[in-house]
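K.L.:
Input: one structure, supplied below.
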Amino acid sequence: MKSTSDTYIDFPEPEDQPEDQPEYQPEYQPEYQPEYQPEYQPEYQPEDKSEDQPEDSKASVDPWPPSLLFHNGCPLLNHGGIARTLWDIIVNLATLYIAIIVPYEITFMRANLANRPTLVLDTIMEVFFVLDILVNFRTSYEVEEVLVTDSRSICVRYVKSWLLIDIIAATPLDLLHIFNIHVSDKMHLMKTVRLVRLVRLIKKLEKYSANSTLVLSILMFSFTLIAHWAACVWYEIGLFDLGTSHWQVGWLAQMAKRLERPYLANRTGGLSEADAYTGAIYFTVSSMTTVGFGNISPHTKPEKWFATCLMLSGALMHALIFGNVSAIIYRLYAGLSNFHVRINELKKFITEHEFPEDLSRSMRCYAKNNWASQGIKHHVLLQDFPEDIYSKIHLHLFRQILDQPLFKRGDARVKKELALHVSVSTHHHGDVFIHKGEVVQALHMVSSGALQLPNGDLLGPGVLFGTWQMRRRPMSSETLRVVGGCSVHSLSLEALQRVLDLFPQWGMEFYRDLQLDLDFDIGPKTMDNFFDCHTDSTAFA
């Protein structure tokens with residue numbers, strides 16, 4: 001194999017060559033490996049994803065870390081593994097169940113608490129909470145991005161943080177009922193202490209705060225849960241009033257009287273559990289939403305104080321939820337409104353300047369397809385990133401064109417410079433990508449879609465086209481028209497020449513292989529400019 005320097009010297013002078021065919025015929029070497037091996041090799045190497053890798057190796061990387069870890073031979077749950085994540089989901093669902101069911105049971109089902117239909121399910125929840133304590137003693141954690149698997153450190157951390165709350169919430173009161181051990185009804189409220197653990201769940205959901213649907217769902221659920229708790233308290237106040245001397249003016253007695261199910265003097269009879277809960281939740285929701293129809297209203301002093309506090313807190317919740325709803329609706333329609341404004345301005349501009357119909361149609365088509373899209377403008381999004389990360393992002397975004405044989409032989413430094421100069425353009429059906437006679441200013445690669453030649457042939461995805469006549473800016477010998485829709489990656493010849501000047505040894509290899517590796521040449525069908533390019537004494541410093 002000849003060295004790259006020999007190859008460069010052997011270029012003949014243009015006047016010594018016949019016009020039809022140059023003497024130099026570079027050999028295509030698909031397995032070519034440049035002799036120059038730079039010492040600097042950055043961490044990111046896009047060429048590692050080569051085509052000769054097995055298909056299985058190209059599968060996406062598993063986003064989940066291993067579920068099990070081992071410390072001194074003892075297994076631990078990885079706090080970020082899928083097993084721990086699924087366990088947290090189960091425990092959080094159990095906590096939400098407790099938050100809903102327990103207040104209802106100790107208020108509306110207190111007369112038959114030991115034989116309630118949910119006793120078995122409540123017992124299962126208690127078992128989950130007890131197991132969760134054991135799991136927390138065997139789960140790793142992170143401190144400043146350092147994984148901690150030491151058992152003693154895990155235990156000390158858990159004891160100082162959540163252990164006491166978890167023990168209180170996991171007290172097996174329902175198991176005591178099964179063994180006929182009497183406990184106070186109010187003791188079941190200890191289970192709700194576990195709601196404090198939901199703070200961790202809220203912190204995890206903060207990264208999804210941009211998801212309008214999720215935020216709105218959380219707010220609505222929170223509002224409903226508070227209304228449910230308030231309904232249970234409202235019923236307790238009604239029961240308290242039934243035990244006083246003015247029991248007949250309380251809201252429970254008044255509602256029972258209207259429904260013709262009055263409470264008797266010995267406080268028997270009256271509303272069923274379902275009717276009482278329906279009235280209570282109706283009152284709390286209507287008060288918290290500031291509607292307040294008045295058909296269920298406070299009469300006694302405790303009821304009036306509670307209703308006052310409920311309306312004050314409800315007004316805050318109402319403002320919070322509907323304020324977020326307004327913001328969500330604005331985000332949904334702001335882009336659409338801006339789109340219509342720009343379209344109307346474009347129509348006025350077209351009318352004012354009397355553009356031809358075919359050009360007007362192309363302008364409107366481009367505007368509707370590009371302005372209406374919600375695509376991310378990566379150059380705006382990434383403008384504040386440091387240079388190293390910015391270049392690695394570009395290496396990833398434009399790996400398709402950089403993996404072309406023409407550029408693939410360059411080392412990591414070359415690809416880094418090239419990636420910063422690649423641009424992307426999107427074109428729509430019927431657009432002319434380049435007219436015959438226009439100056440060719442870049443090397444292009446079809447990323448998706450297709451371009452059609454005048455003879456009907458198509459340039460599909462992965463086709464690299466342009467010109468190998470680098471020094472002179474030749475004119476296109478073909479007219480390329482977009483079929484269906486097309487995305488093209490482009491590397492300007494001016495930027496490419498600057499990179500070639502920075503890396504002259506790779507530049508010699510590039511010029512040697514350019515004509516062979518270019519899939520389609522849209523420049524003039526002549527060899528003159530090729531030799532002007534390769535024999536120019538100023539080509540390399």
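The values are calculated or read from the model by the stated rules, or taken from the named source; none is laboratory data. Note that the coordinates shown come from a computational prediction; the quantities given were computed from them, not determined experimentally. So basically every Cβ, Gly included, is an ideal-geometry build from the backbone, and we count neighbours across all protein chains shown. We work out accessible area using only protein heavy atoms, side chains counted, and drop any ligands, DNA or RNA first. Shrake-Rupley method; radii C 1.70, N 1.55, O 1.52, S 1.80 Å.
K.L.:
What figure in square angstrom, to the nearest 10, would you give for the accessible area of LEU113 with a 1.4 Å probe?
P.N.:
10 Å²
K.L.:
When a/c reaches 1.5 or more, the comparison of a/b and b/c decides; with that in mind, is the stretch 454-520 rounded, prolate or oblate per its Cα gyration tensor?
P.N.:
Cα axes put the stretch 454-520 in the prolate bin.
K.L.:
Please label the shape of the stretch 390-529 as rounded, prolate or oblate, based on the square roots a ≥ b ≥ c of the eigenvalues of the alpha-carbon gyration tensor (a/c under 1.5 means rounded; beyond that, a/b larger than b/c means prolate, else oblate).
P.N.:
In terms of gyration-tensor shape, oblate.
K.L.:
Beyond 28 Å between alpha-carbons counts as too far, so tell me which of LYS368/LYS416; LYS257/LYS304; LYS348/LYS436 fall in that bin.
P.N.:
LYS368/LYS416; LYS348/LYS436
K.L.:
Among the trypsin sites (Lys or Arg not before Pro) in the stretch 219-275, which ones are in a DSSP loop with at most 13 other Cβ atoms within 10 Å of the Cβ? Mind listing them?
P.N.:
In loop regions of the stretch 219-275 (DSSP not H, G, I, E or B), the sparsely surrounded trypsin sites (Lys or Arg not before Pro) are ARG267.
K.L.:
Could you sort CYS365, CYS232 by their accessible area in this structure, using a 1.4 Å probe and putting the largest first?
P.N.:
CYS365, CYS232
K.L.:
Still on this structure, I have one more. Keeping all protein chains in position, work out how much accessible area PHE349 exposes to a 1.4 Å probe, and write it in Å² to the nearest 10.
P.N.:
It works out to around 90 Å².
K.L.:
Okay, next question. Could you order the peptides 392-403, 75-86, 314-325 from most to least packed, using the average number of other C-beta atoms within 10 Å per residue?
P.N.:
Order by mean packing, descending: 392-403, 75-86, 314-325.
K.L.:
Applying the Karplus parametrisation 6.51 cos²θ - 1.76 cosθ + 1.60 with θ = phi - 60° to the phi angles of the stretch 300-308, what ³J(HN,Hα) value in whole Hz is obtained for each residue in order, glycine and proline being reported as x?
P.N.:
8, 4, x, 5, 5, 5, 5, 4, 5
K.L.:
Would you list LEU214, LEU496 from the most to the least accessible area, probe 1.4 Å?
P.N.:
Descending accessible area places them as LEU214, LEU496.
K.L.:
For TRP229, TRP251, give the ranking by accessible area with the largest first, probe 1.4 Å.
P.N.:
TRP229, TRP251
K.L.:
Distance between Cα centroids, the stretch 403-456 to the stretch 317-367: provide it in whole Å.
P.N.:
That distance is 31 Å.
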